[in-house]
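The values are calculated or read from the model by the stated rules, or taken from the named source; none is laboratory data. On a predicted model such as this, the values are computed, not experimentally measured, just so you know. Methodologically, a virtual Cβ is constructed for each residue, glycine included, from the backbone with ideal geometry; neighbour enumeration extends over all protein chains shown.
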């Protein structure tokens with residue numbers, strides 16, 4: 001079994017009187033696709049926001065190993081440093097592309113930190129100094145690699161907002177991949193996709209997990225409602241309900257878990273016996 | 001049959017418009033107060049009302065007819081943007097050539113007007129960095145203009161420093177104030193940001209007005225030194241060390257005006273070059289990404305704080321340069337020159353020009369500042385024409401004169417991005 005990459009321990013998030021996430025513990029293992037599922041309002045997106053620094057959890061810890069054997073405490077890092085140092089990338093439930101910028105520009109913005117180590121360097125580049133041109137060529141090559149991977153190379157110079165919905169989803173995923181993450185957090189990537197696009201998405205996510213074409217593999221944490229996609233590609237599933245973990249295991253184990261069935265279908269006696 | 005029904009609908013629509021006009025103008029135009037023998041008397045003016053209402057009726061009808069008979073292949077926004085892009089390719093070099101050669105055939109009046117317009121072009125280009133690229137609505141840009149002007153005036157008077165030494169210092173000081181403004185407003189967006197920047201601009205002006213021991217208060221600072229050309233002065237007396245003496249020509253006031261004209265032209269072009277260059281660099285791209293979606297920027301590891309602060313600082317820096325130039329040109333500054341009206345004018349130039357468009361800003365400055373000067377003879381009608389022009393602009397081209405966005409990088413050929421896709425920035 002692979003070693004744990006992300007360790008979430010006793011994570012709680014309260015908004016006033018509402019407890020969205022309640023003492024949650026789970027691991028996401030390296031080289032695997034971990035899915036977080038649960039009914040609407042179970043606290044899945046809140047967990048994501050805690051991991052990626054958009055919320056500061058009320059209590060608990062989120063640890064991620066980094067280079068040199070250090071363990072980064074994500075719950076104490078600001079959002080942009082989680083992406084930059086811990087290399088945790090994310091996408092959003094409602095697509096957040098830079099709509100007025102081209103597809104290629106979207107991917108270059110994602111490589112901002114690689115292109116611009118410091119503001120001073122960035123200002124030097126105004127005068128063509130600081131080796132910027134070479135760095136930008138490399139960034140464009142990396143962007144082209146990912147565009148090839150999702151079949152968007154032909155649309156590289158179109159504004160991102162003009163792409164069809166499915167292409168926008170794919171673009172958001174490869175934009176996140178351009179920061180070379182160790183953990184990719186996807187918030188409902190299959191929402192609104194047709195069956196063919198869902199299949200393509202599954203293939204893409206497997207490819208990202210296993211790594212290809214010189215890119216190292218990347219672990220994936222996934223929120224998804226499309227059970228077809230979840231069961232097909234997940235190595236490990238965590239089920240939440242009302243902010244608590246109710247099940248944790250392989251797709252087959254989770255599917256057979258009575259607690260999961262109860263949460264999804266309701267705890268009615270007749271339903272349970274019918275199931 | 002549909003055509004006749006259409007005519008009936010159009011006539012009814014026009015009649016209703018005329019009715020509204022009658023209600024509006026009936027009292028306002030129809031009744032005139034005159035001084036009577038003992039008190040004011042009302043003079044009815046039915047003909048004036050009839051003309052106004054008739055004009056509304058005919059105008060509305062003409063508009064509806066035009067809409068119905070408009071050729072089928074009406075230009076789409078995308079084609080308009082492409083056409084604007086095409087025109088821009090020729091218009092920009094043409095304008096630049098005109099600006100470079102103006103002193104050859106323009107008189108003193110035209111040069112002074114040119115200096116005024118170019119100052120606003122430069123301010124517009126500086127503010128474009130903050131408002132157009134980073135999408136941060138700044139209503140207090142005049143504060144940095146004031147900081148630049150007072151920096152130069154005070155440094156020159158207290159330490160006897162020359163214009164060319166003070167110019168970078170003025171820019172630097174304005175940039176510092178830009179960062180100081182930036183820190184408290186980092187978390188604000190949209191309207192709230194606008195209000196705080198507006199207040200900041202007023203604070204600077206009121207401090208300048210009341211800190212009499214440093215700034216001489218409302219009396220302002222006078223006899224600010226003029227700029228020199230490599231140490232040569234532009235004095236009227238001629239004499240050793242003056243430009244006239246060095247080149248062996250008669251001293252003439254126009255020499256200094258021409259020199260000032262080229263200084264501001266150079267400064268404006270520097271602003272333009274730096275912002276065009278920055279747009280193609282990671283920093284500029286991060287600004288635009290910030291305007292498009294701040295949350296996504298954070299998720300991609302962009303430090304939103306420093307990115308916003310650099311936008312404020314660099315925008316303010318060019319405001320400071322322009323301020324230093326203003327001080328040396330006028331040789332006299334007082335807080336009166338840095339009112340909110342200046343901020344509003346510069347912002348109007350940026351918005352009318354099209355957010356983020358360099359050519360649009362230049363054109364808008366030319367029309368607004370140059371146009372306002374030319375219409376000076378019409379005195380009271382000037383603001384009326386100005387307001388009508390603004391309204392017409394916002395109806396016909398709501399995203400500014402040159403509204404498309406040119407991509408900063410392309411794999412193949414870059415195409416203009418139509419304005420309806422580009423965000424306007426909410427913070």
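In the stretch A:98-108, what count of residues is obtained for those that are at the interface with chain B (Cβ under 7 Å from one of its Cβ atoms) and buried (at least 24 other Cβ atoms within 10 Å of the Cβ)? The qualifying residues number 7.
Number of residues in the stretch B:371-409 that are touching a helix residue (DSSP H, G or I) at 6+ places or on another chain (Cβ under 7 Å), part of a loop (DSSP other than H, G, I, E, B) and at negative phi equals 8.
Here is a yes/no grid of residues against (1) free of Cβ contacts under 8 Å to residues at least 60 places away in the same chain; (2) under 19 Å from the mean Cα position of the chain (by Cα); (3) not assigned by TED's automatic domain parsing to the domain that holds residue B:327:
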{"site": "B:110", "(1), (2), (3)": "yes, no, no"}
{"site": "B:124", "(1), (2), (3)": "no, yes, no"}
{"site": "B:129", "(1), (2), (3)": "no, yes, no"}
{"site": "B:141", "(1), (2), (3)": "no, yes, no"}
{"site": "B:146", "(1), (2), (3)": "no, yes, no"}
{"site": "B:152", "(1), (2), (3)": "no, no, no"}
{"site": "B:155", "(1), (2), (3)": "yes, no, no"}
{"site": "B:159", "(1), (2), (3)": "yes, no, no"}
{"site": "B:209", "(1), (2), (3)": "no, no, no"}
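Note on the stretch A:169-275: enclosed helices (runs of 4 or more DSSP H) holding 2 or more residues that are within 22 Å of residue A:106 (Cα to Cα) are A:195-210. Right, residue B:257: under 30 Å from residue B:107 (Cα atoms), surrounded by 18 or more Cβ atoms within 10 Å (Cβ to Cβ) and free of Cβ contacts under 8 Å to residues at least 40 places away in the same chain or not? Here the answer is no, as residue B:257 does not meet what is asked. Considering B:417, B:333, the condition of being under 30 Å from residue A:101 (Cβ atoms) and either buried (at least 24 other Cβ atoms within 10 Å of the Cβ) or in contact with a helix residue (DSSP H, G or I) (Cβ under 6 Å, 6 or more places away or on another chain) (or both) is satisfied by B:417 alone. Here the condition is being surrounded by fewer than 18 Cβ atoms within 10 Å (Cβ to Cβ) and farther than 16 Å from residue B:411 by Cα; of A:200, A:141, it holds for A:200 alone. Of the residues making up the stretch A:84-97, those that are under 9 Å from residue B:301 (Cα atoms), over 11 Å from the mean Cα position of the chain (by Cα) and facing chain B (nearest Cβ under 8 Å) number 1. The criterion of being modelled with pLDDT under 80, within 14 Å of another protein chain (Cβ to nearest Cβ) and under 16 Å from the mean Cα position of the chain (by Cα) holds for residue B:356. Yes or no: residue A:34 touching a strand residue (DSSP E or B) at 6+ places or on another chain (Cβ under 8 Å), touching a residue at least 12 places away in the same chain (Cβ under 8 Å) and farther than 23 Å from residue A:263 by Cα? Considered against the rule, which asks whether it is touching a strand residue (DSSP E or B) at 6+ places or on another chain (Cβ under 8 Å), touching a residue at least 12 places away in the same chain (Cβ under 8 Å) and farther than 23 Å from residue A:263 by Cα, residue A:34 comes out as no. For the stretch A:58-71, indicate whether the set of residues that are more than 9 Å from chain B (Cβ to nearest Cβ), in a strand (DSSP E or B), crowded, with 21+ Cβ neighbours inside 10 Å and free of Cβ contacts under 8 Å to residues at least 60 places away in the same chain is non-empty. Yes, that holds for at least one residue.
Per the conditions (1) touching a helix residue (DSSP H, G or I) at 6+ places or on another chain (Cβ under 8 Å); (2) on the phi > 0 side of the Ramachandran plot, the sole criterion not satisfied by residue B:156 is (2).
Residue A:31 meets the conditions (1) more than 14 Å from chain B (Cβ to nearest Cβ); (2) outside any loop (DSSP other than H, G, I, E, B) in every case but one. The failed one is (2). Selection of the stretch B:275-303 for residues being crowded, with 20+ Cβ neighbours inside 10 Å, in a helix (DSSP H, G or I) and at the interface with chain A (Cβ under 7 Å from one of its Cβ atoms) yields B:278, B:282, B:283, B:285, B:286, B:288, B:289, B:292, B:296, B:298, B:299. With respect to being part of a loop (DSSP other than H, G, I, E, B) and within 21 Å of the chain's Cα centre (by Cα), residue A:117 falls outside the description. For the stretch B:1-37, give me each residue that is assigned to a strand (DSSP E or B) and within 16 Å of residue B:49 (Cβ to Cβ). Those that are assigned to a strand (DSSP E or B) and within 16 Å of residue B:49 (Cβ to Cβ): B:31, B:32, B:33.
Looking only at the stretch A:121-169, residues that are under 23 Å from the mean Cα position of the chain (by Cα) and either away from every other protein chain (no Cβ under 11 Å) or within 21 Å of residue A:199 (Cα to Cα) (or both) come to 17 in all.
Annotation for the stretch B:359-373: no member residue is buried (at least 23 other Cβ atoms within 10 Å of the Cβ), within 14 Å of chain A (Cβ to nearest Cβ) and either within 20 Å of the chain's Cα centre (by Cα) or without any contact (Cβ under 8 Å) to a residue 40 or more places away in the chain (or both).
Counted as qualifying within the stretch B:179-248 are the helices (runs of 4 or more DSSP H) with 3 or more residues that are modelled with pLDDT of 85 or more and surrounded by 12 or more Cβ atoms within 10 Å (Cβ to Cβ), namely B:190-210. Go through the stretch B:392-414 and count every residue that is facing chain A (nearest Cβ under 8 Å) and either farther than 14 Å from residue A:105 by Cα or without any contact (Cβ under 8 Å) to a residue 24 or more places away in the chain (or both). Within the stretch B:392-414, residues that are facing chain A (nearest Cβ under 8 Å) and either farther than 14 Å from residue A:105 by Cα or without any contact (Cβ under 8 Å) to a residue 24 or more places away in the chain (or both) number 6.
Restricting attention to the stretch B:249-261, does a residue exist that is under 20 Å from the mean Cα position of the chain (by Cα), assigned to a helix (DSSP H, G or I) and either away from chain A (no Cβ under 14 Å) or over 23 Å from residue B:151 (Cβ atoms) (or both)? The answer is yes, given that some residue of the stretch B:249-261 is under 20 Å from the mean Cα position of the chain (by Cα), assigned to a helix (DSSP H, G or I) and either away from chain A (no Cβ under 14 Å) or over 23 Å from residue B:151 (Cβ atoms) (or both).
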